[in-house]
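Just below is one structure, and these are the notes that go with it.
The values are calculated or read from the model by the stated rules, or taken from the named source; none is laboratory data. All values reported here derive from a predicted model rather than from experimental measurement. Every residue, glycine among them, receives a Cβ derived from its backbone with ideal geometry; neighbour counts consider all protein chains shown.
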Amino acid sequence: MAYWLMKSEPDEYSIDDLLRDKKSAWFGVRNYQARNFMRDDMKIGEGVLFYHSSCPQPGIAGIAKVASKPMPDKTQFEPGDYFEPKSTPEKPIWICVEVAAVKKIPLLSLATIRATPELESMRILQRGNRLSITPITDAEWNFINQHFVK
DNA sequence: GCCAACGTTGGC
DNA sequence: GCCAACGTTGGC
């Protein structure tokens, strides 16, 4: 069992959107490392911290879980921002999973994460980290659930 | 809007 | 395969 943090810009897709939809494909990831986590490592039922990025109040806004096996990201075949000319249905380049809402939590702000010694190991705090999907350790997951999830 | 950090591209 | 140039991310 592993745990994950997934970033989303709330203007694009927020925890409230996921609660409304119950479940959503995590399409639009165009980074190989993040894709590989979805394709190779994420398993149905694993816990996800839903992180709001590029917004006035960045931080962890809710809990979700992995809800499907890996599947082709269909937006790579559609005209628009996510189109990938090198992809074919037989050999899709971009892979995603579905994510299901669990609950919203009181915002665990980036500032609070920074100020919490038990969370200083989190990948999102490390220098230059830009990955939109990062693993979360058991210790980090348990600490956040005990202290910040109601 | 700025800028540090990192990823990707493409010429050689 | 190297590496400079460019693009993107994301906090501030």
Exercise. Out of all the residues in the stretch A:80-92, is one or more closer than 26 Å to A:Gly45 by Cβ and not in a loop (DSSP other than H, G, I, E, B)?
Worked result: no
Seminar exercise, completed: For the stretch A:75-113 the number of residues that are at pLDDT 95 or above and charged (D, E, K, R) is 3
Exercise. Taking the stretch A:98-150 only, how many residues are in a strand (DSSP E or B) and within 14 Å of DNA strand C (Cβ to nearest atom)?
Worked result: 5
Seminar exercise, completed: For the stretch A:121-150, the count of residues that are touching a residue at least 40 places away in the same chain (Cβ under 8 Å), polar (S, T, N, Q) and under 18 Å from A:Asn31 (Cβ atoms) equals 2
For this session: Select from the stretch A:1-51 the residues that are closer than 19 Å to A:Pro135 by Cα and acidic (Asp, Glu) and list them in ascending order.
Result: A:Glu9, A:Asp40, A:Asp41, A:Glu46
Exercise. Only one residue in A:Lys23, A:Lys43 is out of contact with any Asp or Glu (no Cβ under 7 Å at 6 or more places or on another chain) and not acidic (Asp, Glu), so which one is that?
Worked result: A:Lys43
Problem set entry | Residue, surrounded by the most Cβ atoms within 10 Å (Cβ to Cβ), within the stretch A:68-89, restricted to residues that are touching a Gly at 6+ places or on another chain (Cβ under 9 Å) and of a type in the set (Asp, Glu) | A:Asp73
For this session: Would you check which residues across the stretch A:26-67 are crowded, with 16+ Cβ neighbours inside 10 Å, within 26 Å of A:Ile93 (Cβ to Cβ) and more than 16 Å from DNA strand B (Cβ to nearest atom) and list them?
Result: A:Trp26, A:Phe27, A:Met42, A:Glu46, A:Val48, A:Phe50, A:Tyr51, A:Ala64, A:Lys65, A:Val66, A:Ala67
Problem set entry | the stretch A:115-150: number of residues that are within 23 Å of A:Ser14 (Cβ to Cβ), within 16 Å of DNA strand B (Cβ to nearest atom) and surrounded by fewer than 14 Cβ atoms within 10 Å (Cβ to Cβ) | 3
